[in-house]
1. For the chain, what's the relative contact order in percent, using C-alpha pairs closer than 8 Å and at least 6 residues apart?
2. For labels at Ala31 and Ala399 in the simple 7 Å Cα→Cβ model, what's the distance in nm?
3. If Lys and Arg each add +1 and Asp and Glu each add -1, what is the summed charge of the other residues whose beta carbon sits under 13 Å from the beta carbon of Val429?
4. With 18 Å as the limit, write out which pairs from Lys486/Lys537; Lys9/Lys421; Lys9/Lys96; Lys421/Lys502 have Cα-Cα distances beyond it, or answer none.
5. Under 5 Å between amide hydrogens, which residues at least 5 positions from Val458 or on another chain qualify, with H placed 1.01 Å from N in the peptide plane?
6. Please identify every one of the trypsin sites (Lys or Arg not before Pro) in region 1-82 that sits in a loop by DSSP and has no more than 11 other beta carbons within 10 Å of its own beta carbon.
7. Quick check: net charge around Trp239, other residues with Cβ under 12 Å of its Cβ, Lys/Arg +1 and Asp/Glu -1?
8. Sticking with the crude label model, points 7 Å out along Cα→Cβ, report the distance from Ile332 to Arg40 in nm, one decimal please.
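What follows draws every value from the coordinates through simple rules; no lab data is involved. This structure is a prediction, so every number in the text was calculated from the model and none was measured. Every residue, glycine among them, receives a Cβ derived from its backbone with ideal geometry; neighbour counts consider all protein chains shown.
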Amino acid sequence: MLAQVRVEKPPQTGAIWWLPLALAVIGLGIAVAALIAAGRDDGPGPIRRALGGLRRLTGLPGWCAAGISISLWALLVAVIGFVWDVSWHADIGRDKELFTPPHTMILVGLVGIGAAAVSAIVAATTEKAEVGFRAGPLRVPWSALPLGLMSAGAVVGFPLDDLWHRTYGIDVTMWSPTHLLMISGASLAPIAAWLMLAEADVPAADNRWVRLLSQVLASATLLGLSTFQLEFDLGIPQWQALYHPVLIGLAMGIGLLAAREALGPGGALRAVAGFVAGRAVIALLVGPVFGLSTPHFPLYLGGALAVEGIFLLGDRLPASTRVVASGIAIAIVGVGVEWAWTHAWGFQPWRTRLLASGWLVLVMAIVCSVIGSALGRAVAHRPILFNYPLVAVALAAMALFLAVPYPRTGSDAVATVRVNKVGADQPIVTHEKRLSIERDVTVEMSVAPPGAVANLDVLRAFAWQGGRIYIRNFRAAGAGKYVTDKPLPTGGTWKSLIFVSKGSVVAAIPVSFPADLQYGLKEIPPPLDTPRVTKLKPATAFLTRESHGGNALPRVLAYAGLAIVALMWWVGLVGVGTTIARRVRGEPAMQPAQGY
C-alpha cells in the first residue's frame, strides 16, 4: 500500500523571507540617522550633518567615508542575495517571478553601489574637496567613476537578463553573459572602493579607520574574486574540473598579493581571516537559517602562508622577483593546500589527473600576482614594480588563459544505466501542484569501452531541485560495473544524472527528470525495469535542459554588452589605479607597518 500523500509547500514565498532585506534597510536608516544627529553642529541640512558625523567618526574626508560605507553596505546585501539566489536555484529550480527576495537583494545591492558613487560625488561637491576633476559644479573623485560604471553595467544586466530568458529559456546557470554582467559588477566593486580609500590620501599610521577599512576591503576583494567559484562550492559545476583550481589561483594571485603589498607583514593572512569569517557567516545564513544547501568555500590559508613566507624569507630578493616567486608558491603550496581541502570538505575532490594541467594554474597564479602587486602598491601609494604595459599584458593573459578550460564536449563512449528501488514509494503533490511519486534508488552503470571511465576528473551522480542537493559517489562492483555508495532521490521535482568529466569531456547521463510543461519537455523516468543505453552527451544538455534557440539579437546584445562593459570596468580600474600610483610624494600615504 502506498504511503500517505505528502503535499509540498511552495518554496520560500512568505513575508518572512523579506526580513533580511528589511533588516539591512532599517540598519542603514538607523546609521544615517545617527550620523545626522552626531553632526548637528556641522551646518544646516542632513547631508552636511551626516558628512560631519562621518568625518568625526572616521577621520576621513566625508566623500570617502560616505562612498566606502555605502558601497560596503551594498556589497554585503548583494553578496548575501547572490549566494542565497544560487542556492535557491540549485535546491528549488526556476523562479516564478522576477522580484524574489534574493533577486531584490541583488538589485538593491547593485543600485547601492551606484548610490555609493553618487554619494561620493555629492559629498565631494558639498565639501568643495580638491579631488578628481570637475564637471560643471560637480567635483568628481576619480574612484567614483569605476564604482559608478560597475553599478551601471550590472544593473543593465537585469533587463538584458529578462530578455535573454524570454528568448532562450529560464536556465539556472551562473554563466550566461547577462548573469556575468551582474555578478562581475559586484565582484569587482571592492577594488574600486579600495582605490577610493587610497584616493583620500590619509596616512594609515595616523588613522586606525584607514587601517581597518583597508583590511576589510582586502577581504572583500578576495571574497568578490571568489564568487565565480560558487557552482563548484555547491557541487553542481557545468565546467571542466580544471576551472576550479584555475579560478582559485586567480583569486589568490590578485587578492593575496594586493593585501600583502598594501597592508604589509601579515596582510595576506588578515585578508584571509576576514574572507573566511565572511563566507562562514554567509554559509550559515544560507544553510541553517534559510534552509538551503550550505555552500562550501576555499580556505586560501596555504596561499597566504606561502606569500607571507616569500616576502619574509626573500627580503633580499628584488621586489619583482618576490612577486613572481609568490605566484609560484601560490600555485604549488596554496593550490596544494586547496587540493587537500577539497578532499576534506569540498563537493568535488580534485584528482591526480589534474596535475598534467598544473602549468595553467602556475601561469595564472603568476600573471595574477603581477596584477595583485600593482593593485596593492597603487592602494598603498607606492611605485609599482612592473611597467603599465606589462600589467596590461598580464590582464590580457589572465583573460586568455581563462579560455583554455572552456571547451566542453560529450563522448562516443556508451553507458548502460539502471536503477534499483530502495524503500517504499512516496506519493507527493509538488509545489507545482503535480501528483508524482518520489523514490530512492541506487544507480548502476557500466561503460563501453571501459577505459572511458578510467582516470577521470569526476565520476558521480547527483540530484538537485527537489529541495536540496544530494551527491553520490560510485564504487566499483566488479565486471566493469559501478554502483552509487548511497541511494539517490528521484521523482517529484528532483532532477538527477550521472556526471562524467575528463579534460574537455564534460558529459552526463540522465537518471530521472520531471516533465517540464512550460517548455514541453517530456519526463525522463528512472530506468527501473529496462536499462538505459546512451552515449555520454554534453552535460549542458541536462544541466540547462530548458535552454533553447531563439532570435540571435539578444545573444549579440548580451555578449557585446558584456565585452564592452568589462573593458570599461578594467580601463576604469587601471586608469584610476595608475592615477593614484603616480601621486607618490615622499613617504607612502598608506605606509605599511614597520618591518615591511
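1. Working: 1161 pairs, mean separation 95.5, N = 596.
Worked out over the chain, it gives 16 percent.
2. Here the modelled spin labels are 3.4 nm apart.
3. +1
4. Beyond 18 Å: Lys486/Lys537; Lys9/Lys421; Lys421/Lys502.
5. The list, which skips near neighbours in sequence, is Ser501.
6. On the way: sites: Arg6, Arg40, Arg48, Arg49, Arg55, Arg56; in loops: Arg40.
Here the sparse-neighbourhood loop sites are Arg40.
7. The answer is -1.
8. The modelled label-to-label distance comes out at 6.3 nm.
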